[in-house]
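Structure, as structure tokens:
The values are calculated or read from the model by the stated rules, or taken from the named source; none is laboratory data. Every value quoted in this text rests on a predicted model; they were computed, and no experiment measured them. Neighbour counts run over all protein chains shown; Cβ positions are idealised from the backbone, glycine included.
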Amino acid sequence: MPAQKGNYKGTTKGFKRSGTLLGARIREASEKRGFAVSRVLTQWSEIAGADLAAISRPVKISYGRQGLGATLTVLTTGAQAPVLDMQKEKLRERVNAAYGYNAISRIHITQTAPTGFADGQASFEHRPVSKPAPQPDPATVRKVTELAEPVGDDDLRAALETLGRNVLSRTKR
């Protein structure tokens with residue numbers, strides 16, 4: 001039996017990826033800050049390298065009056081500024097490689113405290129995975145089970161046991 005042709009295009013069945021929906025807005029917002037290629041913002045750790053990306057964030061790109069090259073402004077903390085200053089040429093080469101041509105002629109480093117300003121607080125890394133909660137000792141589990149044993153409803157008993165384990169095994173702060 002031949003397959004019928006429907007109105008479906010591809011496998012998305014009428015749905016669109018969020019990247020295609022937001023692409024124009026992301027490009028517009030990044031162009032306002034001077035980023036003709038928004039990839040510099042979104043893939044900073046790959047462009048700058050893990051070591052430089054850990055201590056810096058791109059803030060804006062400003063173009064001179066004659067258009068003879070742009071200046072990339074990079075945000076870092078005061079303690080990391082000398083380290084970043086020594087790596088400016090390496091960073092400029094990496095950013096220009098992302099653009100595909102010699103777009104950036106200068107890099108300006110601006111410093112801020114690690115907290116207190118919106119750009120200083122921005123973090124683009126994934127959140128660390130939290131450690132699992134420590135298991136309560138067996139004596140606590142027995143005590144909680146004995147206390148909840150008279151309850152007739154199984155769901156309520158399980159909820160009370162969980163609550164009891166959490167309260168009795170809580171560490172003192």
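Among the residues of segment 76-116, those identified as part of a loop (DSSP other than H, G, I, E, B) and in contact with a helix residue (DSSP H, G or I) (Cβ under 7 Å, 6 or more places away or on another chain) are Gln87, Asn102, Ala103, Ala113, Pro114, Thr115. Across segment 61-72, the number of residues qualifying as within 18 Å of Gln111 (Cβ to Cβ) and surrounded by fewer than 18 Cβ atoms within 10 Å (Cβ to Cβ) comes to 2.
Which residue is nearest to Val40 (Cα to Cα), if the candidates are limited to segment 91-104 and must be surrounded by 14 or more Cβ atoms within 10 Å (Cβ to Cβ) and free of Cβ contacts under 8 Å to residues at least 60 places away in the same chain? Among them, the one singled out is Val95.
Looking at Gln135, Gln66, Gln43, just one residue is at pLDDT below 80, farther than 30 Å from Arg170 by Cβ and of a type in the set (S, T, N, Q), and that residue is Gln66. Hydrophobic (A, V, I, L, M, F, W, C) and touching a residue at least 24 places away in the same chain (Cβ under 8 Å): which single residue out of Leu41, Leu75 fits that description? Going through Leu41, Leu75 in turn, the sole match is Leu75.
Among the residues making up segment 73-87, a single one is over 11 Å from Ser56 (Cα atoms) and buried (at least 16 other Cβ atoms within 10 Å of the Cβ): Gln87. When Thr115, Thr162, Thr71 are checked against the criterion of being within 24 Å of the chain's Cα centre (by Cα), among the polar types (S, T, N, Q) and either over 19 Å from Leu41 (Cβ atoms) or modelled with pLDDT of 85 or more (or both), Thr115 stands alone in meeting it.
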